[in-house]
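Notes to accompany the following structure.
Please treat every number below as a calculation from the coordinates, not as lab data. As the structure is a prediction and not an experimental result, all values here were calculated from the model. Cβ coordinates were reconstructed from backbone atoms using ideal geometry, including for glycine residues, and neighbour counts include every protein chain displayed.
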Amino acid sequence: MQRGEVANPMASGGRGTDGAAGGPPETFCRGNRVQGSGFRVQEMCSFPSSAWERTSGKLRLPGTKQSFATSVPKQSLGTSRVQGTSLGIMLALVAWIVTCATPLLADEPPKFAAQLATLAAKCDELGLAREAQLTRDWVIPRFPGRQYLFVPSETDATAPRSGAGDLARKWHENFRKLRAAEADRLFTAARQAAEAGQPAQVYRLLHEVLRENPEHAAALAILQDAAVQPRRWVVQQPKLPHPQLGWPAGKHWRLETPHFVIATNHSSREALELGRQLENLHALWRQLIFRYWSSGEALSARLAGRDEPLSRPRPKMNVILVKDRAEYIAHLAATVPQIDKTVGIYLNKRHASFFYAGDTSVYPTWYHEVTHQLFQEAGPSAIDEPGERQNFWAVEA
């Protein structure tokens, strides 16, 4: 079965069937909707962390001004998407799978919040306005019934600026000490969740541990995932033509990330951008759907110090990023009917996703189609034609 994200002319900020760009992405307060991933991604204006918030099919990502959500029914290459009750059932099912009545063990305790408030007040007294704001913004507002997910951070946004004085450096030292203590508390909470038989909660908590202390040795040893390590990726420029796409030697780029192989004829910059987006998505997907790709037994073994992988090794997933929409259509038109009605597609028989560069409004489609690819290729088993005979609503919801 071929899947494609069909252009939606009614989605503000998206792309219509004629390929014309829509309006600019909106901010958190305006809550703009664009065609895409089935998630909602909004700016968390109050804090500069790497936390994602999930509730009722929504994801919020700090640091972005885009808001993604399915807004009108769409079609997948001529096949009508089941609407109404089925979509509601799917969203409820996903929410139930993720929450499973799990207590929110990761909530910041009053002690940690109070310690940060005291530190921020001291910064006010010393005239450290930036440091006071960073300290206050670090606490994540928590709401019942929501899951909080964490993606790896490549840099420390709280680090003192170049030329900062002794007071700023002393603040950062104390700030990190408080966070390290909170990381230890979270790690204890993860062990308690393991004893309570909640492996998905354990896995999410371990990511939060690394938010507070990126050097927490025990959490790093358990996760043992390249996605949580510093991203020192190297983009290569092959000296041979691309074997499938025919791009001339020296005119295309190749990037291997921990879980993807990206080929593009646009630029090394776009390869890195796509790599960052997809690895963040992969980290979120693993936290949301832990039991699909791993098991409680494997995680418990790692908690006990045994060298057991969380999942068996799988081939990296292929993603093709062509230079523009015209080439995207030209390359796939002969084999994919109505490709001109799509803005991105995952072809399971070719084991590859196809996108085009230069248009940030289609990022939601990247997430949507690669989520198909993750379920098809990153799990232990998948049928060749998912949704072909039944349950298509569950595949495309």
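Things to note:
- Once divided by 2.2 N^0.38 Å, the Cα radius of gyration of the stretch 167-291 becomes 1.41.
- Across the cross-link table entries 239/316; 251/349; 111/170; 239/323; 239/349, which are compared at the Cα atoms, the separations over 24 Å belong to 251/349; 239/349.
- Each peptide in 294-303, 333-342 gets a packing score, the mean of other Cβ atoms within 10 Å over its residues, and the list from highest to lowest is 294-303, 333-342.
- Shown for the stretch 285-329 is the translational diffusion coefficient from the Stokes-Einstein equation, using the Kirkwood radius over Cα pairs, a temperature of 20 °C and a viscosity of 1.002 mPa s: 159 µm²/s.
- Based on Cα contacts under 8 Å between residues 6+ apart, the stretch 193-318 shows a relative contact order of 24 percent.
- Per-peptide average of other Cβ atoms within 10 Å, ordering 149-158, 238-247 highest first: 149-158, 238-247
- 3J(HN,Hα) along the stretch 110-117, derived from phi through the Karplus expression 6.51 cos²θ - 1.76 cosθ + 1.60 where θ = phi - 60°, amounts to x, 4, 5, 4, 5, 5, 5, 4 Hz, with x in place of Gly and Pro.
- Mean Cβ count within 10 Å, highest first, over the residues of peptides 210-221, 257-268: 257-268, 210-221
- Applying 1/(1 + (r/R0)^6) with R0 = 51 Å to the Cβ-Cβ distance of residue 173 and residue 316 gives a FRET efficiency near 0.80.
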